[in-house]
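The values are calculated or read from the model by the stated rules, or taken from the named source; none is laboratory data. Please read these numbers as outputs of a predicted model, since none were measured by experiment. In this analysis, Cβ positions are derived from the backbone assuming ideal geometry, glycine residues included, and neighbour counts consider all displayed protein chains.
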Amino acid sequence: KIADRHYEDEVSIPGLPPLHKGHPDVHLRQGVINSLHLNASGEVDAEKAFFVADLSSVYRQHERWKKLLPEIEPFYAVKCNPDPYVLRLLAALGTGFDCASNREIQQVLELGINPDRIIFANPCKATSFIRSSAKAGVDMMTFDNTDELHKVARTHPGAKLVVRILTDDSKSLCRLGLKYGAPLVTVPALLAKARELKLDVVGVSFHVGSGCYDSSAFADAVMRARTAWDMGKEAGYDFKLLDVGGGFEDATFENTAAVLTEAIDQYFPQRENIRIIAEPGRYYVSKAFSLAANIIARRAPPAPEHGAQEADVDPEHPSVMYYINDGVYGAFNCILFDHQSPQPYVLSMNGSFHVPSSAPLRASSVWGPTCDSMDCVCPMVQLPAGLQVGDWLAFENMGAYTICAASQFNGFEVSRVVYTTGAGPGAVEVREALRAFQG
Ligand code: PLP
């Protein structure tokens, strides 16, 4: 552990319960806390791309959540980033967990979490998964179709079911309604079937779509949830749970929280006996992770002969191609699956962390390491002209839907994570981590 020799002081973040409570293997340290970056022969691999995760950023997002949405219990969406330290931190902070599969449920239970802090929020589950969740005591689960009800009746008759309704997701980055959610007109028949099968439906859930920048979508969804709630009453149920799903964005969180609170006040004015939960994912982790990647190759126009003028470069078309050691098949799968456009900044140049602000810029493109031409990270970006092989680029907001869906295509390993606590994984922290790697 290279970094630990520099950062032995264990720190406590004000208000943060000791992370190692019940989890003796986790210690927050100031600066880098884990830097096991060894290659196959046990040597430090100083060239490998790596994430820097700032756990205090996750903590701050939780504090912000509690302040702005005090009535809504967050059930973190594990799929977004199942990083073990993030999960442990959130477990210590008392959140619940939204799991999509058996494996996620296992991972959360292994943290010592009580099964009643888990919602199995996948409306279309394999029968074997429903059976295992029954065994594990995970009762809360969503559904949006009658086949699911039959499976649950057979394998987990004691389940506490939550009907997931379809809401307007047209303004969100990822439209989950294309795949999930019962249209309101189908809800009465679904609930009648649930009653016939003697199943317990305890409430309503929705998801406005992942990456929802339009806060009014939450208000509209709460209105629809109210209609479904009343349909529950008609069917003879006494719902007790409202699940407002995920979709929360860091940049619009204040507005979304205000709009959501107002809608809940309007449509659920009497709610002493109603439990309200949410399934935030990216809100908690997106900005907590940065990625540092090494320039492993470059294709540039030939340098001008001594005394000659540099050939005209078109500022609109990339003249330099940089190849870095993480790409679309790795962390940057978020470009394909999560509709992101990560933009790099220069972490180190010519072996120095001092990047002259006066350096002339060149239109450049940035590519991943695999042999596939689809593996393009940035088709067009302005980067300093003197950037070369061995220099480092970094990318912010890389915590959501990145590591979790990264593959090892072409034999490239998934980039490791270095953990810090501080002011966020900005250039200072990422350089600090890089310096630690390079000894
Ligand atoms: N809940 C469910 C059922 C989801 O499918 C997702 C994301 O796909 C989430 C929660 C998390 O959404 P977000 O990361 O936008 O908060």
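A few comments on the model shown:
- When residues in the stretch 131-159 are screened for being within 16 Å of the ligand (Cβ to nearest atom) and more than 30 Å from Y85 (Cβ to Cβ), 4 of them pass.
- Filter pass, F129 being more than 17 Å from V58 (Cβ to Cβ) and aromatic (F, W, Y): yes
- The set of residues in the stretch 97-119 being out of contact with any Ser or Thr (no Cβ under 9 Å at 6 or more places or on another chain) and within 15 Å of the ligand (Cβ to nearest atom) consists of F97, D98, A100, S101, E104, V108.
- Some residue of the stretch 404-421 being basic (K, R) and farther than 22 Å from A300 by Cβ: yes
- The residues of the stretch 90-103 that are out of contact with any helix residue (DSSP H, G or I) (no Cβ under 6 Å at 6 or more places or on another chain) and part of a helix (DSSP H, G or I), listed by number, are L90, A91, A92, R103.
- Restricting the stretch 381-434 to residues that are polar (S, T, N, Q) and within 16 Å of the ligand (Cβ to nearest atom), the residue that is surrounded by the most Cβ atoms within 10 Å (Cβ to Cβ): T402
- Assessment of the stretch 116-135 against the conditions (surrounded by fewer than 17 Cβ atoms within 10 Å (Cβ to Cβ) and at pLDDT below 95) yields no matching residue.
- Test: residue in the stretch 360-381 that is of a type in the set (K, R) and within 27 Å of P280 (Cβ to Cβ): no
- The requirement of being closer than 22 Å to W65 by Cα and assigned to a strand (DSSP E or B) is fulfilled nowhere in the stretch 250-258; no residue meets it.
Residue by residue, here is whether (1) touching a helix residue (DSSP H, G or I) at 6+ places or on another chain (Cβ under 9 Å); (2) of a type in the set (D, E) holds:
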| position | (1), (2) |
| --- | --- |
| I105 | yes, no |
| P123 | yes, no |
| S128 | yes, no |
| K135 | no, no |
| D139 | yes, yes |
| L149 | yes, no |
| S170 | yes, no |
| A189 | yes, no |
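- Whether a residue is surrounded by 18 or more Cβ atoms within 10 Å (Cβ to Cβ), among the basic types (K, R) and over 22 Å from I264 (Cα atoms) was assessed, and K160 passes this test.
- A182 surrounded by fewer than 19 Cβ atoms within 10 Å (Cβ to Cβ) and either in the same structural domain as T256 (by TED's automatic domain parsing) or over 21 Å from the mean Cα position of the chain (by Cα) (or both): no
- Subset tally (residues that are within 10 Å of E148 (Cα to Cα) and within 10 Å of the ligand (Cβ to nearest atom)) for the stretch 120-130: 1
- Condition met for A221 (within 15 Å of the ligand (Cβ to nearest atom), surrounded by fewer than 21 Cβ atoms within 10 Å (Cβ to Cβ) and within 25 Å of D338 (Cβ to Cβ)): no
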